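The values are calculated or read from the model by the stated rules, or taken from the named source; none is laboratory data. Everything numeric here is computed off the predicted structure, so don't read it as measured data. Reconstructed Cβ throughout: ideal geometry from the backbone, glycine too, with neighbour counts over all protein chains shown.
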Amino acid sequence: MAQRLGIAVSGGPNPSEIVELVTLAESLGYESAWVAEGHGGDQFAVLSGCAMQTSTIRLGTAISSVYVRSIPTIAMAAATVDDLSEGRFILGLGSSHKVQVVPEHGVEYSKPITRLRESVDIIRQLLETGTARFQGETVTIENFDLWFRPRRPDLPIYAAAVFPKMMAVCGEIADGIILTRSTLQTGAQVKQCLAEGAALAGRDPGKVEVTSLLPIAVGDNRQEALDTMRPGLTFYVGFFPRYRQMIADYGFAEETAAAAAAFAKGDQAGAERCITDAMIDATSIVGTAGECRERIEAYRQSGIDLPIISPFARGPGSRATFETVIRACAPG
């Protein structure tokens, strides 16, 4: 039996190319495909295209921001993709980042954990009953009603978490947790947090699926793969305060501080020099095809129920980069 493996796309290939890549992934035994949004095309529209061209692969958002769409709009989009895919959709929600939400979308960003909780409440209410009325701290819905019956009123909702507080919230309210750039120690740590949150809600923490987005670079040799990964980690450390703290907490406080300082000055090359091979190795899957498959298995053994490999590519050759990784790491 093939091991469970997901593939994530976070921009690079255009929408029709993503549909082709997901169709390829299904044919090679991947169990799920996840689409981010950011600047890469409307994720629900792309996943609807994937739904019409596939029949077995699960389809999810990783993640859909609870700030940049209204919450009823997210619920309608989720129910739409679930219907078109005949019940294969997973709604992955997250708070995104203030440094993206405010300057890029011009909307207010506050109380991210509360916003996520309230969003899940509203979406579940709407899918289950067809109507939503909600008075919260971050969201107020006077009245919204659906004009069609969702295929699955209980479609799975996963939530993204970086730090223990949000991880515990996932244990309380989510069907799964979406981690990112995990280390081989993260799986055990997150299960403790999930158990604490689940206990508050009287839930079984074992029913919360642990997934992680894992950046991946497949190269002819290990050094080539490490170098391919360096710019992406530099951006994560330099631009996103939350990810910078996460990587620092892994034991790389000096390196992240130096990289962030160089990044803030516009010194991309200097920032990249601060990103060591050890930082990349701890938070990514890098190497030859064989080395990458071994590393994926190590993540499984560490407590990640569903590893989701996440290649990074921009520009005209991005589709080919994704296809190379999908073929190289296909579950067997």
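Numbers for the structure displayed
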| item | result |
| --- | --- |
| Residue check, Ile308 within 24 Å of the chain's Cα centre (by Cα), more than 23 Å from Trp34 (Cβ to Cβ), surrounded by 22 or more Cβ atoms within 10 Å (Cβ to Cβ) and among the hydrophobic types (A, V, I, L, M, F, W, C) | no |
| Qualifying residue in segment 257-280 (condition: modelled with pLDDT of 95 or more, closer than 25 Å to Leu21 by Cβ, of a type in the set (A, V, I, L, M, F, W, C) and not assigned by TED's automatic domain parsing to the domain that holds Asn14) | yes |
| Residue in segment 239-248 that is more than 27 Å from Glu104 (Cα to Cα) and either part of a helix (DSSP H, G or I) or under 24 Å from the mean Cα position of the chain (by Cα) (or both) present | no |
| Selection status of Tyr299, buried (at least 20 other Cβ atoms within 10 Å of the Cβ), under 23 Å from the mean Cα position of the chain (by Cα) and assigned by TED's automatic domain parsing to the domain that holds Asp175 | yes |
| Tally, over segment 12-35, of residues that are surrounded by fewer than 22 Cβ atoms within 10 Å (Cβ to Cβ) and under 16 Å from Gly92 (Cβ atoms) | 1 |
| Number of positions in segment 135-150 that are surrounded by 11 or more Cβ atoms within 10 Å (Cβ to Cβ) and not polar (S, T, N, Q) | 8 |
| Yes/no for Ala195 being closer than 28 Å to Leu93 by Cβ, at pLDDT 95 or above and either assigned to a loop (DSSP other than H, G, I, E, B) or touching a Pro at 6+ places or on another chain (Cβ under 9 Å) (or both) | yes |
| Criterion (under 19 Å from the mean Cα position of the chain (by Cα) and either more than 20 Å from Ala2 (Cβ to Cβ) or of a type in the set (Val, Ile, Thr) (or both)) met by exactly one of Ala257, Ala313 | Ala313 |
| Selected residue [modelled with pLDDT of 95 or more and surrounded by 19 or more Cβ atoms within 10 Å (Cβ to Cβ)] from Leu200, Leu179 | Leu179 |
| Odd one out for Asp145, checked against (1) in contact with a strand residue (DSSP E or B) (Cβ under 6 Å, 6 or more places away or on another chain); (2) in contact (Cβ under 8 Å) with a residue 24 or more places away in the chain; (3) over 30 Å from Glu294 (Cα atoms) | (2) |
| Every residue from segment 204-222 that is touching a residue at least 40 places away in the same chain (Cβ under 8 Å) and part of a helix (DSSP H, G or I) | Arg222 |
| Any strands (runs of 3 or more DSSP E) falling wholly within segment 113-184 and containing at least 2 residues that are under 16 Å from Ile90 (Cβ atoms), out of contact with any Asp or Glu (no Cβ under 6 Å at 6 or more places or on another chain) and not assigned by TED's automatic domain parsing to the domain that holds Ala282 | 157-160, 176-180 |
| Selection within segment 86-122 - surrounded by fewer than 21 Cβ atoms within 10 Å (Cβ to Cβ) and under 27 Å from Val19 (Cβ atoms) | Glu86, Gly87, Gln100, Glu104, His105 |
